[in-house]
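Please read the structure below before turning to the comments.
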Amino acid sequence: MLFGRVEALLLSGIGAAVLSVSPAMAEDPATNTDWQGFYLGLALGGADSAAKPDTGVVYNGYFVDAGSASDRNQLNPILQRRISGQDVTGSVLAGYDFQSGNITYGLEGDLTFMGFSETQSAGPINYDTQPAETLTTRTTVESDFLLSLRPKLGYVSGPFQFYVSAGPSVSRFKMNHQYSDTWGGGNSVTFSDSKTAYGISSSIGVGYMVSDGWVLRSDYVFSYYPDIASGSSDLNGDGNDDFSYGSAFKSHNLRLALIKRF
């Protein structure tokens, strides 16, 4: 998997970098304890992300509930399959840290570009309630960025800063669902929803002060958005809803950053 390869590269990279600069930092550790001030940075990472659709069948005359055979029982597990993918990410970071002894606290803004665009499809599949008829379904979820603002709390030990952070996050998502079947001569519908979604982002990381305010940092960021799509659609044009829509989204991102502190 792409995420596994990127994760390995990031971990090996941060380890090699820390080992390579450790002798130089040991000469003058006092210069590495001041973490207070403004900083800017760039990060490269690998994200393992997934949408979890909550698409469901609505009984309004089209779909059938025949007891032992139910369209809802057959279709909902198919419509609600996890849509996942791995992406290379790029991030712009900006923040400010205050320091009191070994404790740091501050605020960080994080704009991450990720290019998530994944599809889950199935079919043709025979209906359990009408075995002579088939259905086809296709769902796509897309997002280009995650924007977060996270308060930070950290601990400084020599040239290292260990920290955790959590705060609100916002993104823009697009969900597209296409469904067609052969029942009654054939019906089809396309649903599309674009939505600004709000969630939470949290991270844990460690920074290493190299020299002259330059920091090499590795972190893990988890982002969760509980509601990225909503709506309904009418499959056969009778004015009644046949599908309802919803979805959540989560992302695990492991990054390596280069930061300049001022």
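Assorted remarks:
- Of all residues in the stretch 168-185, those satisfying the criterion of being surrounded by 16 or more Cβ atoms within 10 Å (Cβ to Cβ) and not in a strand (DSSP E or B) are Thr182, Trp183.
- Restricted to the stretch 186-228, and to residues there that are open to solvent by less than 60 Å² (accessible area, probe 1.4 Å) and among the acidic types (Asp, Glu), the residue that is farthest from Asn253 (Cα to Cα) is Asp193.
- Which listed residue is closer than 27 Å to Arg82 by Cβ and without any contact (Cβ under 8 Å) to a residue 40 or more places away in the chain, from Ser143, Ser194: Ser194
- Filter result for Asp181 (closer than 30 Å to Gly56 by Cα, touching a Gly at 6+ places or on another chain (Cβ under 8 Å) and either at pLDDT below 95 or not hydrophobic (A, V, I, L, M, F, W, C) (or both)): no
- Selection from the stretch 180-226 of residues that are closer than 28 Å to Thr136 by Cα and among the polar types (S, T, N, Q): Ser180, Thr182, Asn187, Ser188, Thr190, Ser192, Ser194
- Selection from the stretch 29-44 of residues that are in a loop (DSSP other than H, G, I, E, B) and either without any contact (Cβ under 8 Å) to a residue 24 or more places away in the chain or not hydroxyl-bearing (Ser, Thr, Tyr) (or both): Asp34, Trp35, Gln36
- Residue that is touching a residue at least 24 places away in the same chain (Cβ under 8 Å), within 29 Å of the chain's Cα centre (by Cα) and closer than 20 Å to Ser233 by Cβ, where the choices are Ala122, Ala94, Ala47: Ala122
- Test for Thr136: is it closer than 30 Å to Asp71 by Cβ and of a type outside the set (Gly, Ala, Ser): yes
- The number of residues in the stretch 47-79 that are assigned to a loop (DSSP other than H, G, I, E, B) and open to solvent by less than 10 Å² (accessible area, probe 1.4 Å) comes to 1.
The values are calculated or read from the model by the stated rules, or taken from the named source; none is laboratory data. Keep in mind that what you see is a predicted model, and the values were worked out from it rather than measured. Cβ atoms come from the backbone with ideal geometry, glycine included; neighbour counts cover every protein chain shown. Just so you know, the surface numbers come from the protein's heavy atoms only, side chains and all, with ligands and any DNA or RNA stripped out. Shrake-Rupley method; radii C 1.70, N 1.55, O 1.52, S 1.80 Å.
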